[in-house]
1. Scan the range 37-55 and tell me whether some residue there is touching a Pro at 6+ places or on another chain (Cβ under 9 Å) and either within 19 Å of PHE73 (Cβ to Cβ) or not polar (S, T, N, Q) (or both).
2. Out of all the residues in the range 98-121, is one or more β-branched (Val, Ile, Thr), in a loop (DSSP other than H, G, I, E, B) and exposed (fewer than 13 other Cβ atoms within 10 Å of the Cβ)?
3. Kindly indicate whether any position in the range 48-69 is loosely packed, with under 14 Cβ neighbours inside 10 Å, farther than 13 Å from ILE128 by Cα and under 14 Å from the mean Cα position of the chain (by Cα).
4. What number of residues within the range 32-47 are surrounded by 12 or more Cβ atoms within 10 Å (Cβ to Cβ) and of a type in the set (D, E, K, R)?
5. When both residues are 6+ apart or on different chains and their Cβ atoms are under 6 Å apart, which pairs have a first residue that lies in the range 61-84 and is closer than 17 Å to GLY98 by Cα, and a second that is of a type in the set (A, V, I, L, M, F, W, C) and in a loop (DSSP other than H, G, I, E, B)?
6. Can you name the residue in the range 29-77 that is in a loop (DSSP other than H, G, I, E, B) and β-branched (Val, Ile, Thr) and, of all such residues, is nearest to LYS124 (Cα to Cα)?
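Since every read-out is calculated from the coordinates, none of them should be taken as a lab result. None of these values were measured; they are calculated from a predicted model. Don't worry about glycine lacking a Cβ; one is built from the backbone with ideal geometry, like all the others, and counts go over all protein chains shown.
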Amino acid sequence: MNLVYDVYQSKIGNLYILSEDGFIVSVDIGDEKFNKLKNEYIEKGIDIKKSTEDLKEAISQIDDYFNGKRKVFDLNIRIEGTEFQKSVYREMLKIPYGETLYYSDIAKNINNPKSVRAIGQASKCNKIPIIIPCHRVVGKNNIGGYMGNHSDLKEILLNLEKQS
């Protein structure tokens, strides 16, 4: 297993991009979450290294996104989770840049119309935010959550896409 990471300083905080054997497996927003993940790997005896070269393309595409030059990512990602979560993430990948869908729209699109709350939970568990654009899924009465209680970050991302 070849685990490498790099850091991108974004408008919403440090983004830690983690790659396993050439596939992006996570994007952690903020130092705390990534440091916890890194320590878990180290405790298990798994080597994780910082590598600017291996993640050069990912950093470049994320930079282009934050600068309004990229609307679609073209990166090798490994979507992980339950089959239900994977179906939600695949549906999120279809949401065009600058647009939003309701949680209920995602539920209908995956032929599971009663799963609105589960869509929210799957979104919260998304390991590759921004690239899998869970920020583009909103509630009918409010913006909805983002990474738990960080709806402020979700709002920044949505506004960024509206400006481009």
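1. No, there is no match, as no residue in the range 37-55 is touching a Pro at 6+ places or on another chain (Cβ under 9 Å) and either within 19 Å of PHE73 (Cβ to Cβ) or not polar (S, T, N, Q) (or both).
2. no
3. Scanning the range 48-69 turns up no residue that is loosely packed, with under 14 Cβ neighbours inside 10 Å, farther than 13 Å from ILE128 by Cα and under 14 Å from the mean Cα position of the chain (by Cα).
4. 2
5. Close Cβ pairs (under 6 Å, with a partner that is of a type in the set (A, V, I, L, M, F, W, C) and in a loop (DSSP other than H, G, I, E, B)) amount to GLN61/PHE73; PHE73/ILE131.
6. For the range 29-77, the residue satisfying everything is VAL72.
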